[in-house]
Amino acid sequence: MISISHVHKVYNNGFEALKNVSLEVEPGEIFALLGPNGAGKTSLIHSVCGIVQVSSGTIRVDGHDIVKDYKHTRRLIGLVPQELTTNTFESPWETATFSRGLFGKAANPAHIEQTLKELSLWDKRDSRIVSLSGGMKRRVMIAKALAHEPKVLFLDEPTAGVDVDLRQDMWEKVRALRDSGVTIILTTHYLEEAEELADRIGVMHKGELILKENTQALLQQMGSKQLVLDLSTPMNTLPRALAPYKLKLEAEGTRLVYSYQTSSKGQGIAEVLQAIHVAGIPYNDVQVSQSSLEDIFVQLVRNS
């Protein structure tokens with residue numbers, strides 16, 4: 001659905017925002033684009049939408065070149081920007097209706113009604129946007145982007161400033177859009193959002209796309225786990241028989257920790273627990289923790 005090939009972008013002040021970025025996004029996929037501020041995420045999104053003109057490289061949407069066939073490709077795209085860019089004295093109904101007409105689509109009140117209801121805006125359809133909360137204004141932006149029934153939806157920090165409950169509602173809406181065949185590119189600072197929603201993840205840093213990977217495969221390949229045992233009696237040293245497992249004593253000898261990579265083919269938890277049992281080490285509690293996407297993201301950026 002989206003094909004980005006060797007894209008560079010250098011602004012007039014000489015800043016190189018994008019460096020040889022190539023990416024393919026499949027139809028009906030949720031692709032999360034992660035990276036620190038200034039990494040190039042918004043420049044890439046604006047390039048695909050035709051808001052920013054790239055210095056070199058090609059971008060196609062649904063097989064159409066975004067420069068040669070701009071009007072066609074722009075009709076395929078919905079964009080929810082970071083900034084709240086609406087006429088604050090309009091209503092959600094007026095904003096969504098106007099946006100649909102702006103893309104040359106015939107009036108469809110039933111679609112506008114359905115969109116506003118799905119975003120929990122129906123009760124506020126005739127209210128002035130200026131009177132709405134920040135979370136509701138964010139939802140109006142999504143309704144505006146969906147008004148012309150795009151095949152591709154860009155969500156640039158869609159849940160910024162939105163409370164937890166509303167964020168969950170918006171996640172459900174995103175999943176429903178994906179299930180209906182809409183291709184979604186999401187940027188977010190909430191890494192649990194990417195972990196929860198995305199089929200694949202791309203990480204940008206200093207204008208480069210340093211990684212693109214299936215979400216679960218990424219967690220599997222780069223994640224780590226820890227087995228933590230709270231010991232019944234503090235220990236100063238471990239028996240030699242446990243040396244192959246590279247266990248660590250922590251918290252003044254009251255905690256025994258076994259760390260391993262998720263993708264490792266080394267000793268499993270059951271084998272380690274059996275060895276600890278054979279060594280006669282009593283413990284009161286066992287916990288297993290796994291690294292999150294946030295841990296992996298920090299590691300990638302530090303190493304790039």
With bins 10 Å wide starting at 0, give me the P(r) of the chain over every alpha carbon pair, in whole percents.
6, 23, 26, 19, 12, 9, 5, 1
Under 13 Å from the Cα of Lys9 - aspartates and glutamates, other chains or at least 8 residues apart
Glu208
With axes computed from alpha carbons, what is the tilt in degrees of helix 269-278 against the longest principal axis of the chain, rounded to the nearest 10 within 0 to 90?
20 degrees
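Summing -39500 (n - 2.57) over the DSSP H runs of n ≥ 4 in the chain and dividing by its residue number, what mean residue ellipticity at 222 nm do you reach, to the nearest 500 deg cm²/dmol? Walk me through the intermediate numbers first.
On the way: 10 runs with 101 residues, N = 304.
Per the formula, -10000 deg cm²/dmol.
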Scan the chain and report its longest stretch carrying no chymotrypsin sites (Phe, Trp or Tyr not before Pro) that are both in a DSSP loop and have at most 13 other Cβ atoms within 10 Å.
90-304
What's the angle, to the nearest 10 degrees (0 to 90), between helix 293-303's Cα axis and the longest principal axis of the chain?
90 degrees
Flagged links, alpha-carbon separation over 22 Å, of Lys173/Lys206; Lys71/Lys173; Lys124/Lys144; Lys19/Lys71:
Lys173/Lys206; Lys71/Lys173; Lys19/Lys71
Segments 37-48, 71-82 sorted - mean Cβ within 10 Å per residue, highest first:
37-48, 71-82
Quick check for you: which residues of the range 193-210 have the amide N under 12 Å from the point 7 Å beyond the Cα of Glu16 toward its beta carbon?
206-208
Sequence-distant lysines (8 or more away, or on other chains) whose Cα lies within less than 26 Å of Lys246
Lys225, Lys265
In terms of modelled amide H atoms, which long-range or inter-chain residues lie less than 5 Å from the amide H of Ser55?
His8, Lys9, Val10
Where is the GNM fluctuation largest for the chain (alpha-carbon springs, 10 angstrom cutoff): Pro109, Pro27, Pro36?
Pro109
Using Cα atoms only, what is the angle between the long axis of helix 134-146 and the major principal axis of the chain, expressed in degrees (0 to 90) to the nearest 10?
60 degrees
Specify the residue with the greatest mean-square fluctuation among Leu218, Leu247, Leu121, computed from a Gaussian network of the chain linking alpha-carbon atoms under 10 Å apart.
Leu247
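We did not get these values from a lab; they are worked out from the coordinates using the rules stated. No experiment lies behind these values; they were computed from the predicted model shown. Heads up, the Cβs are rebuilt from the backbone with ideal geometry, glycines too, and the neighbour counts pull from every protein chain shown.
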